[in-house]
2 protein chains.
Amino acid sequence: MDNERIYSVSELSRLAGVSVRTLHHYDQVGLLKPWRKENGYREYDRKHAVRLQQIIIYRDLDFSLEEITRLLDLDADNQAKALNSQRDLLWQRQKQIQRMIDSLEVTMKSIQSKQNVDIMFEGLPKEKIADYEKSVRDRFDLSFEGITEDLLGGFSSEEARALKEEGDRFAEDFVNVIHLPVESEQVQRLAERHHDMISKMASFAEEGVELDYDTALKASHFLANDEATQEFYSFYHDDYARRLGEAWRYFAETRLKS
Amino acid sequence: MDNERIYSVSELSRLAGVSVRTLHHYDQVGLLKPWRKENGYREYDRKHAVRLQQIIIYRDLDFSLEEITRLLDLDADNQAKALNSQRDLLWQRQKQIQRMIDSLEVTMKSIQSKQNVDIMFEGLPKEKIADYEKSVRDRFDLSFEGITEDLLGGFSSEEARALKEEGDRFAEDFVNVIHLPVESEQVQRLAERHHDMISKMASFAEEGVELDYDTALKASHFLANDEATQEFYSFYHDDYARRLGEAWRYFAETRLKS
DNA sequence: TTGAACGCTAACGTTACGTGACAGTCAAGG
DNA sequence: CCTTGACTGTCACGTAACGTTAGCGTTCAA
């Protein structure tokens with residue numbers, strides 16, 4: 001019945017996971033005052049142990065020992081209220097950490113996307129990338145970083161590499177039929193393949209996004225007419241961007257028009 | 001293109017939510033070293049801002065500045081890895097706080113249940129409660145606190161008061177028919193009412209718990225025969241516990257037998 | 001009875017800044 | 001041109017919450 005477990009300093013310190021010195025300190029500042037045996041040894045009971053738990057919670061929440069003293073002595077009678085406020089503080093802390101995690105993941109996505117941009121543009125002429133980027137930014141009034149972050153941030157390096165290879169293979173195939181008319185079946189098959197590639201990426205970036213007629217038409221026009229873009233893709237073939245643009249346009253007109 | 005936003009001490013301090021002195025300090029210990037203008041003023045760029053964010057995360061996770069220096073310089077190349085480990089640490093912290101919340105809620109339940117016990121036994125003879133409690137503990141090999149915690153911990157003080165009143169009203173009604181035979185319709189109607197009361201409480205404490213035949217029979221036997229219990233309930237009527245036990249037994253035999 | 005384990009106090013050390021004190025810098029206004 | 005107020009800089013001491021070390025008493029099993 002008389003459940004009065006008592007603890008020595010070292011026992012309580014092990015129980016609560018704090019150092020003996022800490023208990024000495026709390027005694028000194030009057031935060032947790034144990035009984036004393038005749039020989040001067042400190043003696044803690046169950047109530048002390050409970051109070052210590054509370055102290056530790058508040059301490060972990062970055063309250064000063066002075067504040068903790070006030071809080072605990074103030075709510076000494078109203079235990080339930082004290083516990084409630086502690087729980088609320090812990091909830092707040094949870095949410096705060098969640099925000100930190102979220103912001104961290106945004107940063108991670110941004111870094112990953114930059115890496116992926118490097119992967120995707122690997123082997124392509126460095127100095128022309130900047131011009132191409134500027135063109136895209138001017139034409140569509142979008143930050144290049146914004147685009148790539150949305151489009152590439154969600155992929156791992158491996159996936160990015162796979163995409164790069166898929167793109168290269170496509171380019172190779174396209175160059176092989178680049179002399180054929182855009183209406184030809186071979187070219188249109190490739191146009192569809194390209195359309196599917198892009199759609200896949202876009203839908204991965206944002207759920208339910210469709211590459212519709214208008215967007216495709218704009219893109220085709222850009223490909224067919226923008227100089228920096230032509231320059232950039234001349235790496236594959238002199239006429240690459242122009243022909244791809246035309247292929248896209250025909251594909252959009254015949255297959256995407258609603 | 002040259003996105004090089006630069007910050008003064010005060011600007012960066014506001015941006016990151018730290019004091020100017022803190023930035024001075026980080027400069028001093030070599031954790032975050034800004035550029036210097038000719039006049040000696042500190043100058044921070046975007047990279048500094050990013051590094052500061054990382055510092056703050058680690059600091060909030062209680063790393064020492066020295067450890068943070070090591071961590072950041074060690075993973076300076078491998079940014080992605082650093083961010084990953086930070087996220088993992090934040091997750092761990094989340095879980096730790098969750099454990100604290102859980103343990104806190106257990107404590108809250110225990111306190112609430114003790115308050116509710118006081119409410120439920122209010123007005124009943126204090127000194128007989130202990131005997132009754134001992135009897136229950138001996139007979140059922142259960143800690144009284146365990147029972148009440150499971151049964152009453154989930155109720156608020158208001159709900160406990162309502163339960164107490166319901167119980168008192170029942171006792172009054174039962175005393176009014178206590179002279180009638182246990183088989184009588186009036187008594188059996190009350191037995192059912194009592195059974196429903198208890199069931200409701202039990203099912204509230206633990207989802208899907210049913211007060212079955214065996215349990216009811218044991219309880220009825222206890223009520224009808226245990227002396228401390230008789231004593232305790234004699235507050236209502238000398239024969240209260242015995243008659244209630246018999247009413248329960250009949251009810252169990254006629255209505256609960258599977 | 002002795003030595004290892006534990007306890008006490010006292011006092012200085014450490015970390016991560018806070019808080020002045022005192023002085024130079026700079027743009028705006030009288 | 002000079003002042004004024006907002007910033008900035010470097011010392012340098014202060015503080016909170018213990019860590020650490022030193023010196024010394026207590027307990028208890030071997």
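The values are calculated or read from the model by the stated rules, or taken from the named source; none is laboratory data. This one's a predicted model, so the numbers in the text were calculated from it and none came from an experiment. Note that each Cβ is placed from the backbone with ideal geometry, even for glycine, and that neighbours are counted across all protein chains shown. Ligands, DNA and RNA are excluded from the accessible area calculation, which covers all protein heavy atoms including side chains. Shrake-Rupley method; radii C 1.70, N 1.55, O 1.52, S 1.80 Å.
List the residues of the stretch B:95-136 that lose 30 Å² or more of accessible area once all protein chains are present, compared with their chain alone (1.4 Å probe, heavy atoms only, no ligands or nucleic acids).
B:Ile97, B:Met100, B:Ile101, B:Leu104, B:Glu105, B:Met108, B:Ile111
In whole Å, largest first, what are the principal axis extents of the Cα atoms in the protein assembly as shown?
Here the Cα extents, ordered largest to smallest, are 109, 67, 29 Å.
Kindly give the distances from B:Asp212 to its copy-mates, label point to label point, with each label point 7 Å from Cα along Cα→Cβ, as nm values to one decimal ordered shortest first.
6.2
Using helices alone, what [θ] at 222 nm do you get for the protein assembly as shown, with -39,500 (n - 2.57) per DSSP H run of 4 or more residues, divided over all residues and rounded to the nearest 500?
Counting only the DSSP helices, I get -23000 deg cm²/dmol.
So, for the protein assembly as shown, what is the accessible surface per residue at a probe of 1.4 Å, expressed in square angstrom?
About 59 Å² of surface per residue is accessible.
Distances from B:Glu159 to the same position in the other copies: list them in nm, one decimal, shortest first, using label points 7 Å from Cα along Cα→Cβ.
Reported distances to equivalent positions: 4.5 nm.
If we count every other residue with Cβ under 11 angstrom of A:Pro34's Cβ, Lys/Arg +1 and Asp/Glu -1, where does the sum land?
Around A:Pro34, the charge tally is +3.
Over the stretch B:1-81, with every protein chain in place, what whole percent of the accessible area is carbon and sulfur at 1.4 Å, could you tell me?
Details: 2680 of 5240 Å².
For the stretch B:1-81, the apolar C and S fraction of the accessible surface comes to 51 percent.
Provide, as a two-decimal number, the C-alpha radius of gyration of chain B over 2.2 N^0.38 Å, N being how many residues it has. Write out the running numbers ahead of the final one.
Working: Rg = 33.5 Å, N = 258, 2.2 N^0.38 = 18.1 Å.
Its radius of gyration relative to the 2.2 N^0.38 Å reference: 1.85.
On a 0 to 90 degree scale, rounded to 10, what angle separates helix B:46-60 from the longest Cα axis of chain B?
Helix B:46-60 sits at roughly 30 degrees to that axis.
Quick one: pull the percent of accessible area on the stretch A:153-258 belonging to carbon and sulfur, 1.4 Å probe, ligands and nucleic acids left out.
C and S atoms contribute 48 percent here.
Counting only other chains, what is the mean number of Cβ atoms within 10 angstrom of the Cβ of each residue in peptide A:217-228?
0
Could you estimate the translational diffusion coefficient of the stretch B:68-146 from the Stokes-Einstein equation, with Rh from the Kirkwood formula over C-alpha pairs, at 10 °C and 1.306 mPa s, in whole µm²/s?
In µm²/s, the coefficient rounds to 92.
Just report the Cα centroid separation between the stretch A:106-181 and the stretch B:151-199, whole Å.
Centre-to-centre (Cα) distance: 75 Å.
Using alpha carbon coordinates only, what is the Rg to Rh ratio of the stretch B:131-258, with Rh defined as the Kirkwood radius?
Details: Rg = 14.3 Å, Rh = 15.2 Å.
My calculation puts Rg/Rh at 0.94.
Sticking to Cα atoms, compute the Rg of the stretch B:9-96 to one decimal and its Dmax as the biggest Cα-Cα distance, whole number, in Å.
Spelled out, the Cα radius of gyration and Dmax of the stretch B:9-96 are 13.7, 49 Å.
Rounded to the nearest 100 Å², what is the buried accessible area between B and A, both sides summed, probe 1.4 Å?
Result for this pair: about 2400 Å² buried.
To the nearest 10 degrees, how steep is helix B:157-176 against the longest Cα principal axis of chain B, on a 0 to 90 scale?
0 degrees
Using the Cβ atoms and a cut-off under 14 Å, what net charge is assigned to the surroundings of A:Glu231, where Lys and Arg are +1 and Asp and Glu are -1?
Residues near A:Glu231 contribute -3 overall.
Taking the Cα centre of the stretch A:62-139 as origin and charging only Cβ (+1 Lys, Arg; -1 Asp, Glu), how large is the dipole, in debye to the nearest 20? Could the numbers behind the result be given before it?
Values: 13 positive and 15 negative charges, 95 e Å.
Here the stretch A:62-139 has a charge dipole of around 460 debye.
I need the Kirkwood Rh of the stretch B:55-190: take the reciprocal of the average 1/r across all distinct C-alpha pairs and report it in angstrom.
Working: mean 1/r = 0.0492 Å⁻¹.
Evaluated over the stretch B:55-190, this radius sits at 20.3 Å.
Would you kindly find the accessible area of A:Trp91, with a 1.4 Å probe and non-protein molecules such as ligands, DNA and RNA excluded, rounding to the nearest 10 Å²?
120 Å²
I need the inter-copy label distances for A:Lys200: point set 7 Å along Cα to C-beta, values in nm with one decimal, smallest first.
Label-point distances to the other copies, shortest first: 6.2 nm.
On a 0 to 90° scale, report how tilted helix A:240-251 is relative to the longest principal axis of chain A, with both axes built from alpha carbons and the result rounded to the nearest 10.
Helix A:240-251 sits roughly 90 degrees off the main axis of chain A.
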